[in-house]
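Report on one structure; see the data block that follows.
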Amino acid sequence: MSKLRLIGDGLVKNNPTFVLLLGMCPTLATTTSAINGMSMGLATLFVLVLSNMAISALEPVVPDKVHIPVYIVVIATFVTLLQLLMQAFTPAMYETLGLFIPLIVVNCIVLGRAEAFANKHGVLESACDGLGVGLGFTCSLTVLGLVREILGSGSAFGWNFIGGGDGMLAFVMAPGAFLCLGYLMVLFNKLFKKN
Amino acid sequence: MAVKSNLTNMVLVLGLTCLFCSAVLGGAYVLTKDPIEKATAEKQNRAIAQVLPHFSDLEYNADGHYYKATDGDAVVGYAIESSTVGFGGALSLMVGITPDGVVYNSSVLSHSETPGLGAKCTTDGRFMDQWRGFNPSVKKLSVTKDGGDVDAITASTITSRAYTQAVANALDTFNAICHE
């Protein structure tokens, strides 16, 4: 399987948000704006690539019965690393996403790719898979964030185009997250699903 | 494919993995400790500078959670940390009060108010500006709906009340400092 194909698969065929439906908690919670969604996606991408690589490298020595605990320790290490780095160098971003960064540990996407892909493939392939799925997650979250931001606050990537005032606030809050996600999923399946 | 498990290799692999990961995190903690402290202190200093007139020295009082700002020998004001419960959770403010008991300015340290409604307490110019020079001996410190002189943020009375309460708490702290 070519490396490029693996990355493409992560974006469309294995898209974590619209096809695999994994990691819904951060998806719904952090996409109040396009920037927030993109940051969360990139944070997950970082953890996903590194944990996929580490896990596929460790696979030959990890005994079967303790493989889940080992994966969790590896993933938690990368997440904590990311958390410390964000706290130190991007404090403003950390403040917005703060609560959801530690939760990347329990994001099904990360453990899911470790189980479904990384422990059966080589380091390089696993890195590509991590990159693909991570990019898929980032794009989905950015699009979802953008739609919610446009409808809910009348701005895009922080740039306000309705000249002050409010958008339809419901879209910034939880109900809007479910609505937007549902309709985007319909659109995604309409465009990419082959019957 | 997978390695067959026995007690020795399970303990060994899991133990070594944990040991290695702890070492990595320990190292990362030491490396990021200073930048994190610097970022936190910077944020605090920005908030203080925003709520007080020009000062040269700052002295922190850990008991009362306030900073006493002086310029030379003269006290120019107090920056008081104050928190209450807003609509979505804790609302914490930094309130600057000059020695004559007038609010110099206020700024939000952290909040979890509803985006677009209560969260406007950090962006709504009309709401924020009324705290600049708010004199509690002339104006009544409660929202207009409760018969006071504080104009609430549209559709966010609970947040505005909490904000007002936090300023009132800061003024209480200030009065306690003055009576010491």
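Derivation of every value follows stated rules applied to the coordinates shown; laboratory data play no part. Small disclaimer: the values here were computed from a predicted structure and weren't measured. In this analysis, Cβ positions are derived from the backbone assuming ideal geometry, glycine residues included, and neighbour counts consider all displayed protein chains.
Quick notes
- Rounded to the nearest 0.05, the FRET efficiency derived from the C-beta distance between B:Ala155 and A:Leu187 at R0 = 45 Å is 0.90.
- Backbone amide hydrogens, once placed in the peptide plane, bring B:Phe134 within less than 5 Å of B:Val103, excluding anything fewer than 5 places away on its chain.
- The range B:58-135 versus the range A:1-66: alpha-carbon centroid distance in Å: 41 Å
- Label-to-label distance, A:Glu95 versus B:Asp71, with points set 7 angstrom from Cα along the beta-carbon direction: 2.6 nm.
- Computed log10 I(q)/I(0) for the protein assembly as shown at 0.15 Å⁻¹: -1.23, from the Debye equation with unit scatterers placed on every C-alpha and solvent omitted.
- Here the dipole of the protein assembly as shown is about 1720 debye; that uses its Cα centre as origin and unit charges on the Cβ of Lys and Arg (positive) and Asp and Glu (negative).
- For trypsin sites (Lys or Arg not before Pro), the sites in the range B:100-180 that DSSP calls loop and that have at most 14 other Cβ atoms within 10 Å are B:Arg132, B:Lys139, B:Lys140.
- Cα-based helix-to-principal-axis angle, B:7-51 vs chain B, degrees rounded to 10: 20 degrees
- For B:Val143, distant residues with modelled amide H under 5 Å away: B:Gly148, B:Val150
- Paramagnetic reach from A:Ser155 (point 7 Å along Cα→Cβ, amide N under 20 Å) across the range B:141-180: B:153-156
- Entries of B:Lys43/B:Lys120; A:Lys13/A:Lys120; B:Lys33/B:Lys120; A:Lys3/A:Lys193; B:Lys38/B:Lys68; B:Lys120/B:Lys145 with Cα pairs more than 24 Å apart: B:Lys33/B:Lys120
- Against the main long axis of the alpha-carbon atoms of chain A, helix A:123-153 sits at an angle near 10°.
- Ranked packing of A:28-40, A:56-68, B:35-47, A:11-23, most packed first, by mean Cβ within 10 Å: A:28-40, A:11-23, A:56-68, B:35-47
- Projected over all directions and averaged, the alpha-carbon convex hull of the range B:1-134 occupies 14.6 nm².
- Charge dipole of the protein assembly as shown about the Cα centre (unit charges at C-beta), most positive-ward option of B:Cys21, B:Ala49, B:Gln165: B:Cys21
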